[in-house]
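Q: Quick one: the structure is below, and I'll ask about it shortly.
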Amino acid sequence: MRAVVYDRYGSPDVLRIEEVERPVPKDDEVLVRVRATTVNRTDCGWRQGKPFFSRYFTGIRRPKKRILGSELAGEVEAVGSAVTGFEAGDHVFGATGFDAHAEFACERESSPLAHMPAGLGFEEAAAVCDGAILAMACLGKADLRPSRSILIYGASGSIGTAAVQLARTLDADVTAVCDTKHLELVRSLGAERVIDYTQEDFTQNGETYDVILDAVGKQSFRRCRHSLRPGGIYIETDLGFMWHVPFLALLSRWFGDKRVTLAIPQYTKANVLRLKKLIEAGKYRAVIDRTYPLEDVVEATRYVEAGQKTGNVVLTVNDGRAR
Ligand SMILES: NC(=O)c1ccc[n+]([C@@H]2O[C@H](COP(=O)([O-])OP(=O)(O)OC[C@H]3O[C@@H](n4cnc5c(N)ncnc54)[C@H](OP(=O)(O)O)[C@@H]3O)[C@@H](O)[C@H]2O)c1
């Protein structure tokens, strides 16, 4: 089968298409013919080998797993003898961790994989999980409910577009911050108020919130703390300059009345099923910016790393169309 492989950490140019062995499903595995996958910041982090501790999972000197791709949508091609929940021909989507930048991928039945919501295309289904599961982890720290307010900074990114929608499902009062060209999109995702950061600095307008989520790693607790109410929570998606965020998170437990926290995503089947339900109820959709064929993975990756994508970037594989 064709797959995108890489043998050393580095720039997007280390990625190339290669013919590799097609995986064979074990007893508890499902073989998926991948129709669509994404390039996201998680893939980019693994490929760069940054932060360095990520190599603990991927190999210290060179990558042990040659194929990236952390989410997919496709068609079940074959199942192992112990698999009961899927059968050949099923349309599935989910978070795979690795291996999705290929024509076929093997996933355990118990992995974060589920049947696709009815009516959803492969491209949209492929982009559902990564940003949303990261956003779920962030919101899980926020104790959101109808009386609570949240400001989501960087609401046009993969995590941001998901966080706005998921916060609305909890009936929280959502203020989103993005640039001028994304105002309408972010409003359409359910934000009650949208602030254009090119026109207004939310840290200077006197408004305060129970929770501030920096969904794009461009703010700091120091700048935002006066916009938090007493007892407020500041949630980060990035480790920050010199990895200061985890230390700040620890310190804020003991000092002051405002907490800093860093989200740790849970890539579980339960979370994928929760997203499926929300999609079927019309309460969640993955925002897609651009779609590239698998062969253009280097170009797609450069675009993702420019930090300007709106929502998600999809790669189509095996023609990518829903049948
Ligand atoms: N290493 C990992 O495993 C990993 C995985 C996932 C996410 N993350 C972290 O999570 C964060 C978000 O990831 P993501 O994939 O959701 O981001 P993303 O989709 O790449 O975010 C891009 C969006 O952010 C907006 N943006 C860029 N600069 C901004 C700024 N200064 N202020 C406000 N908005 C800005 C861009 O629009 P405009 O420029 O037009 O405003 C664009 O729409 C990042 O910090 C990333 O490092 C890390």
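The values are calculated or read from the model by the stated rules, or taken from the named source; none is laboratory data. All values reported here derive from a predicted model rather than from experimental measurement. Cβ placement follows ideal geometry from the backbone for every residue including glycine, while neighbour counts extend to all protein chains displayed.
Q: Please go through segment 196-209 and pick out each residue that is within 15 Å of the ligand (Cβ to nearest atom) and aromatic (Phe, Trp, Tyr).
A: Matches in segment 196-209: 197, 202.
Q: Pairs please, first residue from segment 208-233 and without any contact (Cβ under 8 Å) to a residue 60 or more places away in the chain, second anywhere and surrounded by fewer than 21 Cβ atoms within 10 Å (Cβ to Cβ) and basic (Lys, Arg), Cβ atoms under 7 Å, 6+ apart in sequence or on different chains.
A: Between residues of segment 208-233 that are without any contact (Cβ under 8 Å) to a residue 60 or more places away in the chain and residues that are surrounded by fewer than 21 Cβ atoms within 10 Å (Cβ to Cβ) and basic (Lys, Arg), the close pairs are 208/229; 225/258; 228/258; 232/258.
Q: Residue by residue through segment 87-143, note down the ones that are modelled with pLDDT of 95 or more and among the hydroxyl-bearing types (Ser, Thr, Tyr).
A: Passing the criteria: 110, 111.
Q: Being hydrophobic (A, V, I, L, M, F, W, C), within 16 Å of the ligand (Cβ to nearest atom) and surrounded by fewer than 23 Cβ atoms within 10 Å (Cβ to Cβ) is the filter here; which residues of segment 23-45 pass it?
A: Restricting attention to segment 23-45, the residues satisfying the condition of being hydrophobic (A, V, I, L, M, F, W, C) are 24, 30-32, 34, 36, 39, 44.
Of the ones still in play, those that are also within 16 Å of the ligand (Cβ to nearest atom) are 39, 44.
Selection gives 44 alone.
Q: For segment 17-35, give me each residue that is in contact (Cβ under 8 Å) with a residue 40 or more places away in the chain, within 23 Å of residue 296 (Cα to Cα) and assigned to a strand (DSSP E or B).
A: Listed by number, the residues that qualify are 17, 32, 33, 34, 35.
Q: What about residue 57, is it buried (at least 16 other Cβ atoms within 10 Å of the Cβ) and among the hydrophobic types (A, V, I, L, M, F, W, C)?
A: Values: buried (at least 16 other Cβ atoms within 10 Å of the Cβ): no; among the hydrophobic types (A, V, I, L, M, F, W, C): yes.
Against the criterion (buried (at least 16 other Cβ atoms within 10 Å of the Cβ) and among the hydrophobic types (A, V, I, L, M, F, W, C)), residue 57 does not qualify.
Q: Also, quick follow-up: List the pairs whose first member sits in segment 45-60 and is over 17 Å from residue 237 (Cβ atoms), whose second member is assigned to a helix (DSSP H, G or I) and more than 9 Å from the ligand (Cβ to nearest atom), and whose Cβ atoms are under 6 Å apart, counting only residues at least 6 apart or on separate chains?
A: 49/55
Q: Just to verify a result, which residue in segment 210-231, among those that are buried (at least 19 other Cβ atoms within 10 Å of the Cβ) and more than 11 Å from the ligand (Cβ to nearest atom), is nearest to residue 54 (Cα to Cα)?
A: Among those that are buried (at least 19 other Cβ atoms within 10 Å of the Cβ) and more than 11 Å from the ligand (Cβ to nearest atom), it is 221.
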